[in-house]
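The values are calculated or read from the model by the stated rules, or taken from the named source; none is laboratory data. Since the model is a prediction, treat every value here as computed from it, not as a measurement. So basically every Cβ, Gly included, is an ideal-geometry build from the backbone, and we count neighbours across all protein chains shown. All accessible areas refer to the heavy atoms of the entire protein, side chains included, with ligands and DNA or RNA removed. Shrake-Rupley method; radii C 1.70, N 1.55, O 1.52, S 1.80 Å.
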Amino acid sequence: MSFQVTATDGAARAGILRTPHGEVRTPAFMPVGTKAAVKTLHPDEVRDLGADILLGNSYHLHCRPGDEVIEDLGGLHEFMGWGGPILTDSGGFQVFSLLDTILAVDDDGVTFRSVYDGSRERFTPEGVAAIQANLRSDIAMCLDVCPPAGVSRADLEQAVRRTTHWAQRQRAAPRAPGQLVFGITQGASDRVLRTRSIEEITALDFDGYALGGLSVGEPRALTLDATEWAAPLLPEGKPRYFMGIGDAEGILEVVERGIDMFDCVLPTRTARTGSALTWAGRLNLKNARFARDPDPLDADCGCPACARFSRAYIRHLVNQEELLGLRLLTLHNLYFVLDVTAQARASIETGELASFKRRALDRLAPVT
Ligand SMILES: [Zn+2]
């Protein structure tokens with residue numbers, strides 16, 4: 001058994017996921033290392049921030065440097081110097097979110113133009129299984145059709161049908177030794193279609209299951225409502241992965257509804273725009289009010305940036321485009337999100353998630 005629930009609190013769960021490269025404590029936030037790096041950080045720094053697992057991206061690594069290059073160099077762990085667990089996405093999300101690069105979608109797969117050089121590429125379930133086998137990730141994701149928010153019901157129904165068909169094929173495809181494979185359910189917040197997708201995908205008996213196609217532009221209330229009724233439809237004994245949520249409020253909401261894993265570029269991307277995620281809301285360090293501010297980004301933060309550096313200094317670095325500014329904000333933002341997740345986990349273990357969440361949301365309310 002690769003996954004064990006060790007504590008529950010209402011619908012929320014704490015657990016341990018065992019992979020070929022070690023254990024993942026859940027709930028787990030997965031920092032995104034799209035191109036085999038968490039932008040600006042050394043892998044040891046990411047580990048020291050509290051991350052158990054990283055996410056890599058099949059689309060980008062297939063295009064550059066090539067998954068066969070990475071295979072020749074011993075796989076993605078060896079290539080990027082990260083010895084811990086890695087989950088790779090299938091590339092489906094990138095293909096379907098870069099709508100104007102899609103050339104054709106049919107029942108066999110999807111053809112698109114690479115964002116790197118415009119070359120013609122094709123992803124099929126067998127193809128993305130082979131890419132992820134070359135990368136030797138601990139967890140491979142199935143190729144799915146992820147439509148944007150607001151598509152017609154007919155399009156949503158076709159996405160569910162193709163996602164199941166592709167999952168059946170990928171389930172039968174070769175994988176790296178010991179590699180876990182997760183199925184992805186679609187259907188947006190449509191109860192009938194999502195339920196159908198969950199029934200079809202869970203019948204294939206994967207190692208874990210994702211809610212895909214949520215948090216793709218629909219109102220947050222719809223996202224959370226769908227998560228609330230959909231998560232309990234997934235098997236209790238398998239990890240549940242919500243694809244694409246990484247703000248503190250969102251994390252607490254999906255954890256409360258029984259989600260075990262999540263990822264998002266938000267903490268790292270926000271850092272690159274010069275903003276810090278804090279318990280007092282989001283701080284834009286470019287703002288002149290921080291010019292003489294001697295305080296750390298967040299008084300309660302234990303990260304390497306807050307241990308030594310002032311808002312005024314980081315503001316100066318950001319405004320002068322000094323690379324250290326990006327690094328310090330990335331360290332802080334990832335620590336913040338990982339710390340919120342760790343505190344949620346500890347609260348589940350003591351049966352106090354509801355009160356922790358209430359206090360956290362009160363604190364996180366934007367300061368006016
Ligand atoms: Zn900090």
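Observations on the structure shown:
- The set of residues in segment 308-332 being closer than 25 Å to residue 264 by Cα and small (Gly, Ala, Ser) consists of 325 alone.
- Qualifying residue in segment 281-290 (condition: within 24 Å of residue 346 (Cα to Cα) and within 16 Å of the ligand (Cβ to nearest atom)): yes
- Test result for residue 363, outside any loop (DSSP other than H, G, I, E, B), open to solvent by 10 Å² or more (accessible area, probe 1.4 Å), away from the ligand (no atom under 14 Å from the Cβ) and closer than 12 Å to residue 249 by Cα: yes
- Selected residue (criterion: farthest from residue 273 (Cα to Cα)) from residues of segment 309-355 that are among the basic types (Lys, Arg) and within 14 Å of the ligand (Cβ to nearest atom): 311
- Test: residue in segment 248-268 that is over 24 Å from residue 38 (Cα atoms), out of contact with any His (no Cβ under 6 Å at 6 or more places or on another chain) and open to solvent by less than 10 Å² (accessible area, probe 1.4 Å): yes
- Residue 9 being more than 25 Å from residue 333 (Cβ to Cβ) and modelled with pLDDT under 95: no
- Number of residues in segment 291-308 that are open to solvent by less than 50 Å² (accessible area, probe 1.4 Å) and near the ligand (Cβ under 10 Å from one of its atoms) equals 7.
- Consider segment 256-275 and keep the residues that are touching a residue at least 60 places away in the same chain (Cβ under 8 Å) and more than 30 Å from residue 185 (Cα to Cα). The one that is nearest to the ligand (Cβ to nearest atom) is 271.
- Close pairs (9 angstrom Cβ cut-off, 6 or more residues apart or separate chains): at positive phi in segment 10-28, open to solvent by less than 10 Å² (accessible area, probe 1.4 Å) anywhere: 10/258; 10/348; 10/353; 22/53; 22/84; 22/85; 22/138
- Taken over segment 269-290, the criterion of being open to solvent by 50 Å² or more (accessible area, probe 1.4 Å), farther than 22 Å from residue 358 by Cα and not polar (S, T, N, Q) is satisfied by 269, 272, 286, 288, 289.
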